[in-house]
1. Restricting attention to the range 37-76, and to residues there that are β-branched (Val, Ile, Thr) and under 30 Å from Thr164 (Cα atoms), which single residue is surrounded by the most Cβ atoms within 10 Å (Cβ to Cβ)?
2. Could you tell me whether the range 113-123 includes any residue that is closer than 14 Å to Arg42 by Cα and surrounded by fewer than 17 Cβ atoms within 10 Å (Cβ to Cβ)?
3. If only one of Leu233, Leu247 is free of Cβ contacts under 8 Å to residues at least 24 places away in the same chain, surrounded by 14 or more Cβ atoms within 10 Å (Cβ to Cβ), touching a helix residue (DSSP H, G or I) at 6+ places or on another chain (Cβ under 8 Å) and not polar (S, T, N, Q), which one is it?
4. Can you tell me which condition Leu170 does not meet? The list is (1) in contact (Cβ under 8 Å) with a residue 40 or more places away in the chain; (2) more than 30 Å from Leu157 (Cβ to Cβ); (3) of a type in the set (A, V, I, L, M), and all the others hold.
5. Considering only residues that are crowded, with 16+ Cβ neighbours inside 10 Å, free of Cβ contacts under 8 Å to residues at least 40 places away in the same chain and either in contact with a Gly (Cβ under 6 Å, 6 or more places away or on another chain) or in a helix (DSSP H, G or I) (or both), which ones fall in the range 136-161?
6. Quick one: is Ser114 among the small types (Gly, Ala, Ser) and at pLDDT below 85?
7. If Pro73 satisfies all but one of (1) part of a helix (DSSP H, G or I); (2) over 30 Å from Leu180 (Cα atoms), what's the number of the condition it fails?
Amino acid sequence: MNQLIGVAAAGLAAALLFFGAQKFLLRRFRKDVGWMRETCLRFSPVPVSAEGRVLALYGGFVVLLFLLLWMAPHPIMAIVLWLGSFALPRMIVNSLWKRRRQQVDQQIPAAVASMANSLRSGITLVQAMERLAENAPEPIRTDFRVMVNRYSVGANLEDTIRQTKERLKLANFNLFASALMINREMGGDISDTLFRISASLDRLQQMRKTIEAHTSEGRTNIKILSAAPIVLLLMLSTVDSEGVSMLFTTVQGWAILTVAALLIGAGIYFAAWITHSEI
């Protein structure tokens with residue numbers, strides 16, 4: 001009964017807050033739409049309905065609020081957890097974007113070599129980019145499709161390359177983009193330059209693989225550190241199910257879970273920082 005009253009009170013408070021802060025919410029909605037549109041363009045050159053996705057995200061947050069109010073032992077704790085969940089979408093997007101950038105970084109040497117071969121065969125730079133936009137593997141093909149699409153609608157080629165350079169923020173792509181822009185200004189045999197860049201990037205990639213092989217044990221420990229608390233909790237639930245259930249039904253239990261999650265997250269973060277390699 002108390003939980004139902006808490007849910008009803010939260011719904012009424014949300015309604016009053018909405019009518020009292022319409023201007024703020026409208027500005028927030030427009031900001032979130034801009035973020036959603038920019039995020040979608042990071043991963044795909046095809047335009048999407050950012051407004052619809054933002055509304056779906058808001059709906060998910062509303063459902064999550066009611067679930068937390070129903071599950072948490074105290075409404076204040078539910079609201080605190082709900083407010084903390086606002087950071088999850090950006091954290092997930094940043095994680096996916098970081099993984100995608102790593103994949104693009106690994107594909108750059110082969111893409112540069114392919115462009116050098118295309119230029120040596122006698123086609124133009126734009127045609128070589130179009131060939132990569134059609135034949136290169138994902139996800140780097142999407143980045144070349146973005147550049148080709150922007151150039152086809154009238155954008156300057158140098159500005160198109162510079163925008164991709166600022167969006168990816170990859171040292172390897174910066175080297176490739178700088179070589180293209182310098183060649184556009186001063187001329188020269190760009191295919192020979194790209195071949196040398198490709199060979200250098202291949203050697204750097206081999207060095208990264210060597211370092212990753214030496215730090216593989218540390219990354220395995222991170223995975224074990226992430227899975228061990230869940231496995232231990234499941235094992236304890238078979239021995240003392242009532243004691244484990246108190247972690248999810250009492251204020252003290254939720255406090256223990258929160259502290260444990262913070263400590264585990266800190267351990268994973270520092271372990272990942274130690275094993276991270278940057279060349």
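1. Applying the first criterion (β-branched (Val, Ile, Thr)) to the range 37-76 yields 39, 46, 48, 54, 62-63, 76.
When the remaining residues are screened for being under 30 Å from Thr164 (Cα atoms), the result is 39, 46, 48, 54.
Values: Thr39: 18, Val46: 10, Val48: 14, Val54: 20.
Residue satisfying both the conditions and the ranking: Val54.
2. No, that holds for no residue.
3. Exactly one residue qualifies, and that residue is Leu247.
4. It fails just one condition, (2).
5. Matches in the range 136-161: Ile140, Arg141, Asp143, Phe144, Met147, Val148, Arg150, Tyr151, Leu157, Thr160, Ile161.
6. On the way: among the small types (Gly, Ala, Ser): yes; at pLDDT below 85: no.
The answer is no for Ser114.
7. (1)
So that you can scan it fast, the table gives a plain yes or no per residue for (1) of a type in the set (Phe, Trp, Tyr); (2) in contact with a Leu (Cβ under 6 Å, 6 or more places away or on another chain); (3) modelled with pLDDT of 80 or more:
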residue: Gln22; (1), (2), (3): no, no, no
residue: Leu25; (1), (2), (3): no, no, no
residue: Pro45; (1), (2), (3): no, no, no
residue: Ala56; (1), (2), (3): no, no, yes
residue: Pro73; (1), (2), (3): no, no, no
residue: Phe86; (1), (2), (3): yes, no, yes
residue: Ser118; (1), (2), (3): no, no, yes
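The values are calculated or read from the model by the stated rules, or taken from the named source; none is laboratory data. A quick note: this is a predicted structure, and the numbers were derived from the prediction, not measured. Cβ sites come from the backbone with ideal geometry, for glycine too, and all protein chains shown count toward neighbours.
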